[in-house]
Amino acid sequence: MEIKDYHFHLYYDVKDIDKATTLRDKIGETFDVDLGRVWDKPVGPHPIGSCQVTVSNELFQEVMVWLLSNRNGIDFFVHPNTGDNLADHSDYIMWIGKSYELKLEGFR
């Protein structure tokens, strides 16, 4: 299996969107990553508001350690990008904080 990169999805309720946005911005200031849009509603397989951060293989460990220490109560979901969206979002996942049930029907 070849891993192109990773997606770190920050998960939050609308009441915590400012906290999530601040965390997203700090990640972008600290690391050379691609920051996605901050959503205030469920999008795609994500059941609540989320924001995607794309992290290179080389930065994976450093970003993971940093987020563990700086997440400020924001849950996050991590998966690799292998080209198999269903497996990437079901078989190869990690949750930090609370886990959520994803809407995987679109990948089937």
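The number of residues in segment 45-57 that are of a type in the set (Ser, Thr, Tyr) and surrounded by fewer than 19 Cβ atoms within 10 Å (Cβ to Cβ) comes to 2. Filtering segment 45-104 to residues that are of a type in the set (S, T, N, Q) and closer than 20 Å to Ala20 by Cβ leaves Ser50, Gln52, Thr54, Ser69, Asn70, Asn72, Ser99. Given the conditions (1) out of contact with any helix residue (DSSP H, G or I) (no Cβ under 8 Å at 6 or more places or on another chain); (2) modelled with pLDDT of 95 or more; (3) within 19 Å of Ile3 (Cα to Cα), and given that Val53 satisfies all but one, which numbered condition is not satisfied? Val53 satisfies every listed condition except (1). Contact map, segment 95-107: residues that are farther than 13 Å from Leu68 by Cα and touching a residue at least 24 places away in the same chain (Cβ under 8 Å) paired with residues that are in a loop (DSSP other than H, G, I, E, B) and among the acidic types (Asp, Glu), Cβ distance under 9 Å, separation 6+ or inter-chain. Pairs shown: Phe107/Asp84. For first residues located in segment 1-27 and loosely packed, with under 15 Cβ neighbours inside 10 Å, partners that are outside any helix (DSSP H, G or I) and among the basic types (Lys, Arg) and lie 6+ apart or on another chain with Cβ distances below 9 Å form the pairs Val14/Lys41. Does Val63 satisfy the condition of being under 21 Å from His89 (Cα atoms), of a type in the set (A, V, I, L, M, F, W, C) and at pLDDT 95 or above? For Val63, the condition - under 21 Å from His89 (Cα atoms), of a type in the set (A, V, I, L, M, F, W, C) and at pLDDT 95 or above - is met.
The number of residues in segment 58-85 being over 21 Å from Glu29 (Cβ atoms), surrounded by 13 or more Cβ atoms within 10 Å (Cβ to Cβ) and not charged (D, E, K, R) comes to 6.
The values are calculated or read from the model by the stated rules, or taken from the named source; none is laboratory data. Just so you know, these numbers come straight off a predicted model, no measurement behind them. Neighbour counts run over all protein chains shown; Cβ positions are idealised from the backbone, glycine included.
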